[in-house]
Amino acid sequence: MVLIGGGSAAAQTATKVEPAEIERIRRANAQCLDCHSEAGLNAITRPDVNKADLAGRLVDPEAFLKSNHANVECVACHVTGFKEFPHAEAAKQQINNCDECHTRQFLRIEDQFLKSVHAKKAEEQPGSFTCITCHDPHVFLKASHFSTTRQAVRQDNAMCLQCHASDERFAQLSKAPLPDLQKIHAWLPNTPLHWAAVRCVECHTPVPQSILSHEILPAERAEKNCVACHSVNSTLRVRLYRHLVEEERETVGFINSVILNEAYVIGATRNRYLDMAFGLVAAVVVGGIALHGLARFVAGLKRRRRDG
Amino acid sequence: MASRVYIIPLWLRLWHWTNAALMILLMASGFSLHFSDPDLPLIRFDIARTIHNVSGIALTVLYMAYLVWNTVSGNWRQYVPAASELISGLNAQNAYVASGIFKGAPPPTVPTPEKKFNVLQQATYLLVMYVAMPFLIVTGIAFFFPELAPEQLFGMDGLLPLAVAHYVIGFLLTLFLLGHIYMGTMGTTALAGFKMMITGWHDEHPGHAGQPPDRTGASPTSPTEGGKRA
C-alpha cells in the first residue's frame, strides 16, 4: 500500500495507490528520465537535442523516487506539450502551479506566507519567490517522512542555504548584501551543533498552532529565548519533533524518551524518572540532616538542663 | 585549657574555598540549566550557561593545580586510609554520628597536622577528589564540545551518555557538599571545623581540656576512648 498525492484530492487526503498504478506511473516517468537524468544526458546521441540546455533540466531519479512526489506522474505537473520532442514552445508556461493539487494547504499557507519576510521580496519582484524557490518538487520530502530528524534538518536547512549561502542566488531576490550567517548567529552557542540539530525554521517561524508556519520571520523577530526550546515544554515538541511526539503519545505518552532517541537537548530531554529518583534521594539526605541536626539540638538542650 | 594547633596551610585553604565557590556556582547554574523553566528561571539560561562554562574551566585549571600541590607537598598521603584503621575507624565515626554526638561525646578523632582527616573523611575525600572529580571534569570537557560527540550511540544521541554521567556525578557531588557542610558542624564544637578552614588553626574542645588529643597521628578513634574524654 502506498500513499500518494497525485491530484487535487489526493494531495489533500492521502490516497492509496494500487501497485499496478504505481508501476504504470514509474514506466511513464521513466520515459521522461530517459533524457532528463544524468545517465540519460550522457546516453543521448540525437543531434537535435541541445545538451547544454538539457543539462540544466535534469532530475536525480534516486532522489525523486524518495521524494513526496515519487508516485506522481511527471505530466501531472508538466501538463501538456511534453509528450513529443521537441517539446511544445509554450509548454513551459503551462506547468501546473502547486495549488492545483495542494489547494487546502494553500488556504492556510497563503496568509502565513504573505506575512513572511519572503513575501516582501515577492512583492518587489513579482513571480520571483514561489513555492519552488524553497521546495524542489523533484526532491522535497516532508520532514515527518525522514527516519531521523537529523536527515530532515539537513534537507530543510539546505533549502534555506540555497540562497542564504550563495551570493549569486541571494542577489537574485535581494538588493541587500548577503549577511554572514556565522556572524549574525554568533550569539547562538555551539552554532554548528544547533545548525545540525535543528532547522532554521525552528527559530525563524512563530510557534505553530498546528503545523509549522510558512511565516518566515526576519532576524529581529526570530526566537532568541533559549528556554523556548531548552525547557520541559520545549517548542520543539510542536516543531521538529511534532510528528514523533504524536506517534509516541499514542503508545507511551512520554515525550522525552522519543526526543532522547534523536538528540540531547539540555533542559528539554531530562529523564523524569532519574530526576524523580534524585529528588527523592536529595529529600532523604536533606531530611536526614535536618532530623539529625534537630536531634542534636534537642539532646544539647536536655544536657544543658540536666547539667544546670 | 584549650589549645590551638595550626593544621591547614594557606594554599590548602585558598584552594578549598575557591573550589567550594566554583562548585556552588556550578551546582546553581547546572541546576538551573537542567531544570530550566521559562516561568521559574533560577538563573537565566544564557547567563547560567556562561557561568557554568567559565566556572567549569576554572575548576578544571584549579583541579590540575590541586593535583600538583597535593602531590608535591605530600598532602595526598592524608587521603589514604590505613588499612588497619579502616573498619575500626569507620565504626568509631558511625557510632559517633549515630549516638556519641547526642550524648555530648567528643569526636573520636580530632585533626592534627599529621592526620587531618578521620577515616570516614579519608575514604570520602579520596573518592570525591580522585574518582568523582576527574569523572566530572572529563565528562564536562567532553560535553563542552558536543559537536565532537558521535551523532548516535546505541540508538540514542551520542551526547546522552556524557550528559547523564555528568548529571549523575554532579548530583552525587551536590549530596557530598550537603553532607560535607553538615559534617563540618560535628567537630569539637559546631563551628570548630569552619574556623579551622578559615584560619588554619584548630581549637581543641574547650570543654574537655583534661586530656589533650594525641598529636602523634594516632588519635583516639574508639567511641569508648572518646567517651572518656568527655
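What the table below lists for this structure:
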quantity: Assigned charges on the beta-carbon of Lys, Arg, Asp, Glu; the protein assembly as shown dipole about Cα centre (debye); calculated: 2900 debye
quantity: Mean residue ellipticity (222 nm) of chain B, computed from DSSP H runs ≥ 4 via -39,500 (n - 2.57), nearest 500; calculated: -18500 deg cm²/dmol
quantity: Residue-normalised accessible area of chain A, expressed per residue, 1.4 Å probe, Å²; calculated: 61 Å²
quantity: A/B buried area, accessible surface, summed, 1.4 Å probe, Å²; calculated: 3000 Å²
quantity: 24 Å Cα-Cα threshold exceeded, pairs from A:Lys16/A:Lys83; A:Lys92/A:Lys115; A:Lys142/A:Lys183; A:Lys115/A:Lys142; A:Lys66/A:Lys224; A:Lys175/A:Lys224; calculated: A:Lys16/A:Lys83; A:Lys92/A:Lys115; A:Lys142/A:Lys183; A:Lys66/A:Lys224; A:Lys175/A:Lys224
quantity: In degrees, nearest ten, helix A:149-164 long axis to first principal axis of chain A (Cα); calculated: 60 degrees
quantity: Cα-based helix-to-principal-axis angle, A:242-251 vs chain A, degrees rounded to 10; calculated: 60 degrees
quantity: Hits among aspartates and glutamates - C-alpha to C-alpha of A:Lys51 under 14 Å, sequence gap 8 or more where chains match; calculated: A:Asp34, A:Glu38
quantity: Nonlocal amide H pairs with A:Ile95, under 5 Å, H built at 1.01 Å; calculated: none
quantity: Proximal lysines to B:Lys195, defined as alpha-carbon separation beneath 17 angstrom and excluding residues fewer than eight positions away on the same chain; calculated: B:Lys116
quantity: With every protein chain in place, segment A:1-101: carbon and sulfur % of accessible area (1.4 Å); calculated: 54 percent
quantity: Positions from segment A:269-308 whose accessible area shrinks by 40 Å² or more when the full protein complex is built, not the chain alone, probe 1.4 Å; calculated: A:Arg270, A:Leu274, A:Asp275, A:Phe278, A:Ile289, A:His292, A:Arg296, A:Arg303
quantity: Solvent-accessible area lost in complex, 30 Å² minimum, residues of segment B:22-41 relative to chain alone, 1.4 Å; calculated: B:His34, B:Phe35, B:Ser36, B:Pro38
quantity: Accessible area (Å², per residue) of segment B:1-155, counting only protein heavy atoms and a probe of 1.4 Å; calculated: 52 Å²
quantity: Cα gyration tensor category, rounded, prolate or oblate, for segment A:99-180 with a/c compared to 1.5; calculated: oblate
quantity: Those residues of segment A:119-158 for which accessible area with every protein chain present is at least 30 Å² below the isolated value (1.4 Å probe); calculated: A:Arg150
quantity: For chain A: relative contact order, % (alpha-carbon pairs under 8 angstrom, 6 or more apart); calculated: 12 percent
quantity: Mean residue ellipticity (222 nm) of chain A, computed from DSSP H runs ≥ 4 via -39,500 (n - 2.57), nearest 500; calculated: -14500 deg cm²/dmol
quantity: Degrees separating the helix B:10-34 axis from the principal Cα axis of chain B, which is the longest one; calculated: 40 degrees
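The values are calculated or read from the model by the stated rules, or taken from the named source; none is laboratory data. Keep in mind it's a predicted model, so treat the numbers as computed, not measured. Because the Cβ atoms are built from the backbone with ideal geometry, glycine has one as well, and the counts that use them run over all protein chains shown. We work out accessible area using only protein heavy atoms, side chains counted, and drop any ligands, DNA or RNA first. Shrake-Rupley method; radii C 1.70, N 1.55, O 1.52, S 1.80 Å.
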